[in-house]
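> Encoded as structure tokens, here's the structure I'll be asking about.
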Amino acid sequence: MAQYFKTWWTIIFRPIYFYAKLKEESWQDDSLTFLLSTSWILGFVATLIVFVIQYVPIGGTLVEGIAGFKFILILPVLFALAFVFFLITFLILGGAFTCAFFVLFYSTATTLNQIYSLLGGKGSLNRMIQSVFYSSAVSLVALLILFLMVLTRYAGMDFMLFRYGYNFLYFSMLLYIYGLLAVAGRLNYKISKAKSFLGAIAPIIVLLIFGLIFDKIALPKLQSWIT
């Protein structure tokens with residue numbers, strides 16, 4: 001994990017340096033490992049949030065009125081149940097993040113390869129996939145969204161503030177990923193800065209539309225679950 005966070009730090013704070021120094025290798029090696037690590041880290045933290053927001057209150061109702069020696073007797077059962085539910089949730093969320101991220105970033109890379117080729121660039125699809133997989137580093141910013149859920153649930157933060165925070169963080173991630181994709185495209189396909197930013201905007205528009213739809217339709221339905 002030390003190597004993962006070292007790489008993550010370089011991508012986030014020195015992106016041009018990272019992509020300029022990045023040596024091409026099969027996308028199935030380190031870049032895929034990085035993508036999978038990002039997915040499972042998000043899955044683990046998301047599981048913790050689900051556990052705190054949903055499982056703990058449910059567990060509290062199960063042991064309500066039980067105290068003293070009786071509570072001590074059922075503690076092993078409670079710990080066993082908590083571990084099982086945590087593990088099941090972790091496997092589900094980790095697997096979901098892994099599948100979603102792989103499809104999202106792989107399709108983004110192949111789309112950008114086509115776009116940059118049409119714009120006159122000549123580069124490697126393998127290197128583009130590799131570069132796009134590393135751009136998944138920005139996804140860890142979503143941990144702040146999960147933290148806002150806890151504040152909404154337990155600190156009395158208004159759901160509207162959570163919604164504003166979610167949108168700000170989501171669009172900030174899109175903006176940063178846009179920059180990373182443009183840098184990767186420019187270095188890989190040897191095209192101008194204008195063309196690199198022009199080509200990178202296509203997948204960002206798709207994600208922007210998805211974010212707007214999610215905010216209008218899905219996010220309000222999560223209010224009862226979060227609050």
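The values are calculated or read from the model by the stated rules, or taken from the named source; none is laboratory data. Because the structure is a prediction, the values reported are computed rather than measured. Cβ sites come from the backbone with ideal geometry, for glycine too, and all protein chains shown count toward neighbours. These area figures cover heavy atoms from the full protein model, side chains too; ligands, DNA and RNA do not enter into them. Shrake-Rupley method; radii C 1.70, N 1.55, O 1.52, S 1.80 Å.
> Testing the spin-label approximation: label points 7 Å from Cα along Cα→Cβ at Leu48 and Ala82. State their distance in nm.
Inter-label distance under the simple model: 1.5 nm.
> Dipole magnitude of region 26-224 about its Cα centre, charges +1 at Lys/Arg Cβ and -1 at Asp/Glu Cβ only, in debye to the nearest 20?
Here the size comes out at about 580 debye.
> May I ask you to compute the full-extension gain from Trp225 to Asp29, defined as 0.36 nm times their residue separation minus their alpha-carbon distance, rounded to one decimal in nm?
Stretched fully, the Trp225-Asp29 segment lengthens by 66.7 nm.
> Taking the Cα centre of region 116-227 as origin and charging only Cβ (+1 Lys, Arg; -1 Asp, Glu), how large is the dipole, in debye to the nearest 20?
440
> What is the distance in Å between the Cα centroid of region 160-227 and that of region 89-119?
14
> Any chance you could run the full-extension gain for Leu75 through Val141? It's 0.36 nm times the residue separation minus the Cα-Cα distance, nm to one decimal.
20.2 nm
> What is region 26-224's relative contact order, in percent, from Cα pairs under 8 angstrom and six or more apart in sequence?
Relative contact order, region 26-224: 27 percent.
> Carbon and sulfur atoms: what percent of the 1.4 Å accessible area of the chain do they account for?
The computed percentage sits at 74.
> Leaving out ligands and nucleic acids, and using a 1.4 Å probe, what accessible area per residue does the chain come to in Å²?
On a per-residue basis, the chain sits at 56 Å².
> A further question follows. By Kyte-Doolittle mean hydropathy of at least 1.0 and Cα axial length of at least 24 Å, which whole DSSP H helices of the chain are selected?
Long hydrophobic helices here: 30-50, 69-118, 193-213.
> Read through the labelled values (1) 21.0, 75; (2) 18.3, 62; (3) 19.6, 78 and report the label of the one computed as Rg and Dmax of the Cα atoms in Å from the structure.
(1)
> Is there a pair in Lys21/Lys122; Lys195/Lys216; Lys23/Lys190; Lys6/Lys216; Lys23/Lys122 whose C-alpha atoms are over 25 Å apart, and which pairs would that be?
Lys195/Lys216; Lys6/Lys216
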